[in-house]
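What follows is a single structure, written as structure tokens, with notes after it.
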Amino acid sequence: MISKIIAEDLIHKTLKTINQVDKIAIVVHVGPDGDAMGSSLAFWHYLMTIEKEPLVIVPTAFPNFLKWMPGSDAVMVYEENKEACDKIFAETELIFTLDFNVASRLAMMEQAVMNSPAPKILVDHHLHPGNYAAITISYPEISSTSELIFRLICRMGDFSKINIACAECIYTGMMTDTGSFTYNSNKPEIYTIITELIKIGVDKDAIYRQVFNNYSAKRMRLMGFALYEKMKIYPEYKTALITVSSTELYKFNYQNGDAEGLVNLPLSIQGILFSVFMREDTDKIKISLRSQGTFPANKVAADLFNGGGHLNAAGGESYQTLTEAIRKFEEALPDYKDFL
Ligand code: 5GP
Ligand code: MN
């Protein structure tokens, strides 16, 4: 038995709302990651088993290393098919918004989703949920939205409807949002849930291989280059910074998702508690921040880069040049010394 985390009235309201509709859209944040895809596809599989008409719509493309996920072929990418997606948002009867807390995380899809007459149900584990949803299922103490989806389906009385495809998606999100159970993963119930997923038939080792041992040689060389040439260490602040320009990314034939995981690597250096990665995109600098212990990566993301996230894993963006963003970061570093 796992404990009842989600409040009873939220379960009732969600169940009642689902029962009243057929067409259900599921949306996630821009730049979908393993948990965004895991939670949305898991819920998509579940809604199919209860004979609804669900559709997963993501703002931007998801990385290649998630393309093996069952159901991923049916996912619609807003950026690539705006007209069709706008029509769906105008006609759908219900929208689940998964793995993000505020509407701005939908980026260019925000207006279409928020202007839709369909009620929204938020299911998420980030701090400070916005108030756009009719039902807000927000539990920041849970390490992934995919785990919340497992809990939600079970509490709606449908554990038996979790098929292997659904279970694989749930496992993927739980695994990726905890860095393969290396952070934010000390709650025993995580492993009770994994036991259930394995009983359903999930091959957890195969999922690890699909996600993490599936990169191109170019991506590996980009990692090597970034670590060897582009990593700066600030020993007095127990901090590492890696920055990569768009020209450098081009040289390594950068594909969506290729830099995934790079930000974590400096944390394996003895004494490093805070690691930041800046990637120059076409119109902005995308920033990933990771920390160990109590150092608040999300505070730095919010203070400096208009972002947020979790204590140990956060993100943000900058519309300055890469050089300016680096300078801003370096100048601010002393302000966070007390957290070390
Ligand atoms: P990543 O570095 O993998 O892109 O993101 C790590 C975490 O930071 C994610 O859980 C995500 O929710 C959060 N995050 C990433 N980018 C942003 C951003 O631009 N704004 C906010 N508020 N959170 C972000
Ligand atoms: Mn997540």
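The values are calculated or read from the model by the stated rules, or taken from the named source; none is laboratory data. Quick caveat, the model's predicted, so the values are computed rather than measured. Ideal geometry is used to build each Cβ from the backbone, glycine not excepted, and the neighbour counts take in all protein chains shown.
Remarks
- Residues satisfying the stated conditions in the range 113-158, i.e. surrounded by 21 or more Cβ atoms within 10 Å (Cβ to Cβ), away from ligand 1 (no atom under 14 Å from the Cβ), of a type in the set (A, V, I, L, M) and assigned to a helix (DSSP H, G or I): V113, I149, L152, I153
- Test: residue in the range 306-317 that is away from ligand 1 (no atom under 11 Å from the Cβ) and either closer than 30 Å to A103 by Cβ or crowded, with 16+ Cβ neighbours inside 10 Å (or both): no
- Inter-residue pairs, beta-carbon under 8 Å, first touching a residue at least 12 places away in the same chain (Cβ under 8 Å) and in the range 267-284, second of a type in the set (V, I, T) and in a helix (DSSP H, G or I), 6+ apart: F274/V300; S275/V263; V276/V263; V276/V300; F277/V263; M278/I326
- Lone qualifier among K67, K23 - being basic (K, R), within 22 Å of M174 (Cβ to Cβ), surrounded by fewer than 18 Cβ atoms within 10 Å (Cβ to Cβ) and in the same structural domain as I170 (by TED's automatic domain parsing): K67
- Among (1) in contact with a Ser or Thr (Cβ under 8 Å, 6 or more places away or on another chain); (2) under 24 Å from N256 (Cα atoms); (3) of a type in the set (S, T, N, Q); (4) surrounded by fewer than 20 Cβ atoms within 10 Å (Cβ to Cβ) - the single one Q210 does not satisfy: (1)
- The single condition among (1) under 30 Å from R219 (Cα atoms); (2) away from ligand 1 (no atom under 16 Å from the Cβ) that K13 does not satisfy is (1).
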